[in-house]
1. Can you tell me which residue among VAL358, VAL305, VAL300 is in contact with a Cys (Cβ under 7 Å, 6 or more places away or on another chain) and under 29 Å from GLN400 (Cα atoms)?
2. Look at region 337-382 and say how many of its residues are in contact with a strand residue (DSSP E or B) (Cβ under 6 Å, 6 or more places away or on another chain), buried (at least 16 other Cβ atoms within 10 Å of the Cβ) and either in a helix (DSSP H, G or I) or polar (S, T, N, Q) (or both).
3. Kindly provide the set of residues from region 544-565 that are in contact (Cβ under 8 Å) with a residue 24 or more places away in the chain and small (Gly, Ala, Ser), ordered by number.
4. Hey, can you tell me all the residues within region 376-392 that are more than 30 Å from GLY588 (Cα to Cα) and hydrophobic (A, V, I, L, M, F, W, C)?
5. Taking region 146-173 as the search range and keeping residues that are part of a loop (DSSP other than H, G, I, E, B) and surrounded by 15 or more Cβ atoms within 10 Å (Cβ to Cβ), which one is modelled with the lowest pLDDT?
6. Just need a number here: residues in region 543-558 that are under 20 Å from the mean Cα position of the chain (by Cα) and of a type in the set (A, V, I, L, M, F, W, C).
7. From ILE385, ILE438, which residue is under 24 Å from the mean Cα position of the chain (by Cα), under 30 Å from LEU578 (Cβ atoms), crowded, with 17+ Cβ neighbours inside 10 Å and not assigned by TED's automatic domain parsing to the domain that holds ARG529?
8. For region 630-642, give me the residue count where each residue is closer than 15 Å to GLU706 by Cβ and not in a helix (DSSP H, G or I).
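The values are calculated or read from the model by the stated rules, or taken from the named source; none is laboratory data. Predicted, not measured: the structure shown is a model, and the values here were computed from it. Note that we place each Cβ from the backbone using ideal geometry, even for glycine, and neighbour counts take in every protein chain shown.
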Amino acid sequence: MSAPRGLPDKAAIRKFIINAPGPVGRREIARAFGIKGAERAELRTILRELAEEGVIGRGKGKRYNEAGALPPVAVLRISSVDDNAMLLAEPMRKAEDDTKTDIPLPRIRVNSDRREAASLGVGDRILARLQRKGAGYEASIIRVLPKGPDRVIGVYAEVPGQGARIRPTDRRQKSDYAVEKSQNSSAKQGDLVLADVLIGRRHGLREARVVEVLGGMDDRRAISLIAIHSGDIPDVFPAEAVAQAEAAQPMVMSAASEREDLRHLPLITVDGADARDFDDAIWAAPDDDVKNKGGWQIIVAIADVSHYVTFNSALDREARRRGNSVYFPDRVVPMLPEALSNNLCSLRPGEDRPVLAVAMRLDAKGKRIEHQFHRAMIRSAARVIYEDLQAAHDREPNEQTAPLLESVIEPLYGAWGALMKAREGRQPLDLDLPEMKISLGEDGHVDDVRQRERLDAHRVIEEFMIEANVAAADTLEAQKMPCVYRVHDQPDREKLLGLKDFLSSLGLSFAMGERLRPELFNRILAKARGSDHWEAVNQSILRSQSQARYDPDNIGHFGLSRARYAHFTSPIRRYSDLLVHRALIRGGSFGMDGLRDEEAVHLAETAEHISNTERRAMVAERDANDRYMAAFMTEQTGAEFIARINGVTRAGLFLTLVDTGADGLLPMRYLHNDYYQVDEAQKALIGERSGGRYRLGDSVTVRLVEVNTLTGGLIFELPSMSAETTEGAYGHPRIGKPRKERVKRGSDRKHSKHGKRKGRRRSGA
């Protein structure tokens, strides 16, 4: 037997641990150094001290390795890309408590030899084999892991006998997340929380760590927070951007200024009653040129945001990241800080404001015969809301609008009349799609839901803005300047074939010629007007259309029947418009804050980004409205409603209530009197035995049986169903087929639990 070697010093123990092929336990260290008896206690003390000093790390099973050392195989997250286009990764840790030292994570470079590496981006996860390379590691991809949420937003609940759970607000996530008590950030029962999803499972559930308590679900204002966080919408401005906005000063018009002075003209802003940022002002007058009898002069002046938000400033970087403002019933997430959006860039009445203005001349038929852009200064004469503008035109002016009626308001309507003549000649797509407005009380609860009133006053402003946008696109194309166009492609032929089949089932012919024009759809709409299928035809035509987007390559705007179109009129709330302003400033030699070359070369990338942020905003706004609507409908469970069928699938009938516009699902299993098949051509469910039919656009009387305020889901049934019931997912009685029959259609049941909404997407101008 060999004699004991004696207790080694800290350096020797550390060197042994570092050189070991993997984590080692105290017993292995003692055996390597021949440590026995009382010296084992001293070894334990040395190991504890080394761990406290951050020299070695202690993992599971009381096993030690080099501080910050990684296992030979690990799950990694792509964290960034270095200057040489090499992917860098970081380890995914199950718990933050494992990394409470000041030692930084080692640098991990991903080997790009595997084909999968080319498709990876920041946030993607991989299972990789790790090998030491100098001070860091090289990761060889074993496989790319499926994408999953890095974060989850949901309601915190402590379940007796099961521990804490997070119940996701996203209806697409079907299972809860487990939360350790030590990782709940003091969340309480019913709190809305934001949590990081962790690696690993416990009792079959994925685990999460609460990072922020957002408030209680009893506060209805939490609904928009759900949409903001679920959509990953930036809602806190960097300090540098806020500082820049607050340091900005009002522009003062001087004699030496090169701006046009339009302060003598009575331009007015026209907006909704709840608007806080006024980025456009308009003016019109009959053209005094005898050669243009019956013609009009109009000016559209837009806030000169580019004067305050310059290229690559902190304000500019944040505006680009956000892409656009996002609007919810209880708040706005603005693209620019309030110091600009509600103050210096807002065209407040009686205050001097810099603008980029376009002066246009129209002939008597509304055709634009001349236009010119100016960098100018205006002083808005009044801030008028749509209802007051319309009332004044209808000869019921109030104290504000009466002095403006003859000199300001009537010329606006006169110029609009000419623009409408030109519109009729172009025949843009003329869909009639009602919008619902959700009004909240002071306590955040829904007070009222009603259809937005569509006035001629709205159409006046819309036509002025469209004409200004077209003028901007025409100018930039003539100048051969880079431009982010607003494009809308022709409908996809396959979608049109489906539309043709559906219209045929209604007795409406649809001749698809070689050249498709919006007026073809308008003729169909005219034939359907006044019929029972009017809404269904509108919805079907809408769904056949392509989605509008931003692109530096112009393909025209199909829906508006315009060869060129660019967003110019809302730079406070859309980054696309700010880019168009900069291009116009450069093209017109209006100053040094125009579009830069380094900005122009990335327009395609920027256009794709802001198209994505626009879609992100649309989804968030729709999801918030769904949840507000569900909260509004909670007390009406059991009530009957008239609904229209807006979608037909194997899951059942998607419905829209006529009174409120609320959307929900009538699951297939509740159609208990027959077995129904989907007829894609007729967009209908047809009973096999009875031949009964539920078709897109049909009106049905339904009863609300289930409301899920967490996800915004509504479940309906037909009032005529039998009295046989089963218990619903949220404690409401369900009426339907016997359980044995329902099991046969389990896939329908799976898809319909939370009342998936069939979105009504606008192609948008």
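1. VAL305
2. 1
3. Across region 544-565, the qualifying residues are SER544, SER546, ALA548, GLY556, GLY559, SER561.
4. Residues of region 376-392 more than 30 Å from GLY588 (Cα to Cα): 384-392.
Of everything in region 376-392, those that are more than 30 Å from GLY588 (Cα to Cα) and hydrophobic (A, V, I, L, M, F, W, C) turn out to be VAL384, ILE385, LEU389, ALA391, ALA392.
5. Here is the first cut: in region 146-173, the residues part of a loop (DSSP other than H, G, I, E, B) are 146-150, 160-162, 169-173.
With surrounded by 15 or more Cβ atoms within 10 Å (Cβ to Cβ) added as a condition, the list becomes 149, 169-171, 173.
Values: PRO149: 62, THR169: 87, ASP170: 82, ARG171: 75, GLN173: 78.
In this case the residue turns out to be PRO149.
6. The qualifying residues number 1.
7. Details: ILE385 fails: under 24 Å from the mean Cα position of the chain (by Cα).
Result of the check over ILE385, ILE438: ILE438.
8. 5
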